[in-house]
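Below is one structure, written out as structure tokens, with a few remarks after it.
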Amino acid sequence: MKLLFVTLLTTPFLLLAHESTTLNIDDAFYEKSVKNAPNAKPILVKDTDSAMGRYNLHAKKLDIKTLARAHGHLCDGLVLAYVELANTLPKLFSDGIVDRTDLRVVTKNSPCLVDTSALMSGARINHRTLSLNNSLGGNFIVQKISTGKAYQVSLADKSFLKKLKAKEKEIKDKRKQHKRVTPKDIDEVEALAFSAMQYMINTEPKKLLKITPLKNYNYKFNIEQIGSRSDIVNKNVGR
């Protein structure tokens, strides 16, 4: 039987030739139920026209699907970061358009949270505008550089994450003890993550989030808590 080899992001898939006409690889990585969810609406951002350029004349839309494509997958961490930042970053700008040339962000060292922070805000570790602080957990601090105005955003109630965190800990403990992580383990943790993701993208932000202004916030750059990448350790677990 003829096979067609397709590469999606960094993940290889072997598809049967007749399947290539029915599977849209542009959407294969993306959970369709997110598309029309109320908290998945795009934000508006602006940047510069080129490496030596002036401000853009027009804003761009940035949505959660674009972030998932760049990050590599759609997950509860990315959704958490997107919903928190999408409801906080625009508050720093009178027109609601996020100026990605004028922001600092502090976040936990997490693949999902760091990638989302950088892509949504333009903050970067190499420019000393993206700082790591693991004590924040799933919270973020955002600051407009030119004015010093800052906010901290967090979940108002984290109880819906309890089962997910317990399962994640179970899997991490297995790794530490050199025990086998099973396909069932991954299926269960992904199902719990999907449930948490659905809650975050469909819950009214006023109920879901706590956004607090920070007066006289003093940003400090820190990368001492850099660590190994956590979202690839189970990549070879069978299906």
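The values are calculated or read from the model by the stated rules, or taken from the named source; none is laboratory data. Please read these numbers as outputs of a predicted model, since none were measured by experiment. For neighbour counting, all protein chains shown are included, and Cβ atoms are generated from backbone atoms with ideal geometry for every residue, glycine included.
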Exercise for the section: For LEU89, indicate whether it is surrounded by 18 or more Cβ atoms within 10 Å (Cβ to Cβ), under 30 Å from MET52 (Cβ atoms), hydrophobic (A, V, I, L, M, F, W, C) and in the same structural domain as ASN56 (by TED's automatic domain parsing). Expected result: yes
Problem - Tally, over the stretch 192-222, of residues that are exposed (fewer than 12 other Cβ atoms within 10 Å of the Cβ) and either of a type in the set (A, V, I, L, M) or in a helix (DSSP H, G or I) (or both) - result: 2
Exercise for the section: Could you tell me which of the residues ALA81, ALA123, ALA51, ALA118 is in a loop (DSSP other than H, G, I, E, B), under 27 Å from TYR217 (Cβ atoms) and modelled with pLDDT of 90 or more? Expected result: ALA123
Completion exercise
Pairing a residue in the stretch 30-52 that is on the phi < 0 side of the Ramachandran plot and free of Cβ contacts under 8 Å to residues at least 24 places away in the same chain with any residue that is surrounded by 13 or more Cβ atoms within 10 Å (Cβ to Cβ) and in a loop (DSSP other than H, G, I, E, B), where Cβ atoms lie under 7 Å and the two sit 6 or more apart in sequence or on different chains, gives PRO42/ASP63; ASP49/ASN56
